[in-house]
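The values are calculated or read from the model by the stated rules, or taken from the named source; none is laboratory data. Since the structure is predicted, the reported quantities are computational estimates derived from the model, not experimental observations. When we count neighbours, we look across all protein chains shown, and the Cβ atoms used for this are built from the backbone with ideal geometry, even at glycine.
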Amino acid sequence: APAMLITLCYLYLWARWGPRSAALVRSTVRRLHRSRCSFTFCARQPHPEERVCLRIGGKVFCTGEAQFLDDLNRWSVLLISPFIHPEKLLPAEHIAFVTESISAQAENLQKGPDSSKEIVKWSDFCSPLAYKPGEPFKLIAEASVDNFSSLGIAFLEDRLQMDNGMVPHRIVYMDAVTPAGKSGLGRGEEEKSKLEEEREQEETGAGEHHHLHLSSCHECLQLENSTIESVKFASAENIPELPDDCSSRREEKEDEGLQKGMKRVNLTGKPPNILVYLGSEAAKERFEQVKSVLRECVDAESYTIYQLHQEQVLRDPWIDNCLLLVIATQEPVPEGSHKQFMTFLSKGGKILGFSSSFTFGGVQIKHKNKLRKAVHELVVSKKDRTEVKLNLLVSGCVFEEGMKGDASRVKVLSRLNNADEDTVIVQLTHGSSGGEAILSQAHLELDSSSMDVQTEEDFNLLKMSNPKRYEVLKEMLTCLGLSCELSEIPVLTPIYLLSPDEEIHLAFLKWLEGNVDAEGLRASSKVSLKFVSSCESKVEVTPSLMPVITEMGSFSSEHFSLETYQQHLQTKKLGKILLFTEVTTTTMNLLDGLMFELPEEMGLIAVAVRQTQGKGRGGNVWLSPVGCALSTLHISIPLHSNLGQRIPFIQHLVSLAVVEAVRSIPGYE
């Protein structure tokens, strides 16, 4: 009886005061966020100078004096540098804060939030800006005042889930984010004035931008008779000062970049790969169909899409190299593969099922053949609690909920608009590391051109629903942590023939005279090059035919300086003949029609600002947004030489040279 009385009293107090704790947090943050005051949500005892406002279990919400970030040079910026103009980064009523999280193994912590409560995903309520690896793992983010409060409340109530599967340990509101590398560590007027002085120096100084450098490679010329240890790299002492090419950027472009940069960020640390599993099917057509739909939904400059073959599931280390697994086969998933998929989920993986037999947890599949190959109306529940009605083909299967497992981990996203209200799309969570799956028995990957469309009426219904189909798909992909902010595919541009050496440039033009046809065309199976004297020549740029402008006087680019290239190129052959373009399909193909017949002294290199179909060896796909170093270099090595007998060393030498070059720049050690 006493125990029951205590329980009843606890329930009464929770019902009476529980909702007020959230209101207390919100009102405190709203009232004090503009003052020189910090807010801390933590799972530890507060410091003596901090005032406890609320305590729930072992967690507290407290206030204290304003806090500043430590040295920002030790932080890795996500997408953009938010610390150049912090006053422009944070909109009105937005604040910056740091979230600290630790691995579940540390301090014998329970992994993840309480699954019986409504989970709050960290990235749904804020925009990450920078991170600092280690224990604890730290993330700087910005959020609205109310969203910051929501994160704090979820933390106190053990409902906050980090995207990387770690356990949130502390959330601290920072009074100010200072310029890169100049964070305020003290308090008081003296420190404030010092900070302002440093800000002014940074705004007027030329040290804001760092440049990569093409270092001397005279040692590499002797590489044939040497070992890998003999390769030397430029040090900080012998890198000449480079002109501040970036200083001409206009403020409005910076603002534009800040806005564009604020998009959903991959915080898992995994390569940005989307894998499509089709079971034992090797049908290229089916893969291309699914790939095409995904590419129309996700940001093409943020993700690559590959097929995961049946034999690779158990053989290859894909689990740690995949952001999203798409299962798009109706055939049964083998037991070994199913186990691998569950391992992927338990490590925080995300799965999207397109009419697949794959299920787990609290759902089972029920066959309803009368639904097959027919168009049905669906009602889809969106994240903002609105509903979308659309018509789609259905696989002939529906989901049954709550038959086994933890039903609280299952959320119904869509039902058929029929008498049985059959469930066709469900969202499930797995494990405590953020594993999540959205499984659909509606053919979201098929449109009106599908072979399964039987009647003209069905064709018209599907065509009318096509915009809503993409809306639903993007909602699901966003829910699984992907960015669906579509970037415009850039238009291909002409190529410029450049050379830092005028004699070599003239020699190359002389060589061209005898190696192109009457119209200046150099044909190739991949890309044919048409050499023209000026940009006035009206030649359409296509993936298979690209004009090459031979007159250097008309060349200009905001992304590439031939003068800087010329000053720092210190080779005898490499990189002497340059094919430069703003946008191309892939630099790999540009040299294809030239490199086997060009004289040895004319070292070819192709450089691009962006690639639309960047590719490497072995089917690798390269993401190529502005800012990447995109080039293909032609190297001629005698097969009988030491290096010629060990060709794979070249890629290691180049990789090592790039890393050493970057690390030789002050601040990047």
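Are any residues in region 501-542 in contact (Cβ under 8 Å) with a residue 40 or more places away in the chain and of a type outside the set (A, V, I, L, M), and if so, which ones? Lay out the reasoning, then the answer.
In the first step, residues of region 501-542 are kept if they are in contact (Cβ under 8 Å) with a residue 40 or more places away in the chain; the result is 501, 504-505, 507-509, 511, 515, 522-529, 535, 539, 541-542.
Within region 501-542, D501, H505, F508, W511, N515, R522, S524, S525, K526, S528, C535, T542 qualify.
For region 481-499, residues that are over 16 Å from T304 (Cα atoms) and either modelled with pLDDT of 90 or more or crowded, with 18+ Cβ neighbours inside 10 Å (or both) total 9. Within the option set V412, V426, V472, being within 18 Å of S395 (Cα to Cα) and surrounded by fewer than 21 Cβ atoms within 10 Å (Cβ to Cβ) holds for one residue only, V412.
For region 424-433, the set of residues classified as polar (S, T, N, Q) and farther than 17 Å from L352 by Cβ consists of S432, S433, listed by residue number.
Is region 527-549 home to any residue that is in a loop (DSSP other than H, G, I, E, B), under 27 Å from V654 (Cβ atoms) and in contact with a Gly (Cβ under 9 Å, 6 or more places away or on another chain)? Yes, that holds for at least one residue.
Each row is one residue, and each column tells you yes or no for (1) more than 15 Å from Y496 (Cα to Cα); (2) at pLDDT 90 or above.
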{"residue": "E519", "(1), (2)": "yes, no"}
{"residue": "S524", "(1), (2)": "yes, no"}
{"residue": "E540", "(1), (2)": "no, no"}
{"residue": "P543", "(1), (2)": "yes, yes"}
{"residue": "M552", "(1), (2)": "no, no"}
{"residue": "F555", "(1), (2)": "no, no"}
{"residue": "S561", "(1), (2)": "no, yes"}
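Looking at K474, K389, can you tell me which residue is among the basic types (K, R), assigned to a helix (DSSP H, G or I) and farther than 30 Å from S556 by Cβ? Going through K474, K389 in turn, just one is among the basic types (K, R), assigned to a helix (DSSP H, G or I) and farther than 30 Å from S556 by Cβ: K474. Against the test of being buried (at least 22 other Cβ atoms within 10 Å of the Cβ) and not β-branched (V, I, T), the options S381, S356 yield a single qualifying residue, S356.
Quick check, is V659 free of Cβ contacts under 8 Å to residues at least 60 places away in the same chain, loosely packed, with under 13 Cβ neighbours inside 10 Å and within 30 Å of A300 (Cα to Cα)? The answer is yes for V659.
Checking each residue in region 295-345 for being under 24 Å from N620 (Cα atoms) and among the charged types (D, E, K, R) picks out R295, E296, D299, E301, E311, R315, D316, D320. Picking from residues in region 360-378 that are crowded, with 19+ Cβ neighbours inside 10 Å and either closer than 27 Å to F459 by Cβ or not assigned by TED's automatic domain parsing to the domain that holds S440 (or both), the one that is farthest from the chain's Cα centre (by Cα) is L371. From the list A523, A437, the lone residue that is among the small types (G, A, S) and in the same structural domain as F560 (by TED's automatic domain parsing) is A523.
Looking only at region 414-446, count how many residues are among the acidic types (D, E), without any contact (Cβ under 8 Å) to a residue 40 or more places away in the chain and on the phi < 0 side of the Ramachandran plot.
Pass one, region 414-446, residues among the acidic types (D, E): 420-422, 436, 445.
This time we only want the ones that are without any contact (Cβ under 8 Å) to a residue 40 or more places away in the chain, so: 420-421.
Still in the running and on the phi < 0 side of the Ramachandran plot: 420.
Going through region 414-446 one residue at a time, the tally reaches 1.
Filtered by the rule that a residue be surrounded by 12 or more Cβ atoms within 10 Å (Cβ to Cβ) and in contact with a helix residue (DSSP H, G or I) (Cβ under 9 Å, 6 or more places away or on another chain), region 625-645 gives L630, S631, T632, L633, I635, I637, S641, N642, L643, G644. Taking the numbered list (1) polar (S, T, N, Q); (2) at pLDDT 70 or above; (3) more than 35 Å from the chain's Cα centre (by Cα) in turn, S38 passes all entries but (3).
Which of the residues spanning region 596-636 are in contact with an Asp or Glu (Cβ under 8 Å, 6 or more places away or on another chain), part of a loop (DSSP other than H, G, I, E, B) and either outside the structural domain of H559 (by TED's automatic domain parsing) or not hydrophobic (A, V, I, L, M, F, W, C) (or both)?
Restricting attention to region 596-636, the residues satisfying the condition of being in contact with an Asp or Glu (Cβ under 8 Å, 6 or more places away or on another chain) are 608-610, 623-625, 636.
Next, only the ones that are part of a loop (DSSP other than H, G, I, E, B) stay: 623-625, 636.
Listed by number, the residues that qualify are S624, P625, S636.
Total residues in region 276-322 satisfying the condition of being farther than 26 Å from T612 by Cβ, touching a Lys or Arg at 6+ places or on another chain (Cβ under 7 Å) and not acidic (D, E): the figure is 1. Restrict the check to region 394-417 and report whether at least one residue is of a type in the set (A, V, I, L, M, F, W, C), closer than 27 Å to Q289 by Cβ, in the same structural domain as R315 (by TED's automatic domain parsing) and assigned to a loop (DSSP other than H, G, I, E, B). No, the conditions are met nowhere in region 394-417.
D384 meets all of the listed conditions (1) of a type outside the set (S, T, N, Q); (2) at pLDDT 90 or above; (3) within 23 Å of L324 (Cβ to Cβ) but one, namely (2).
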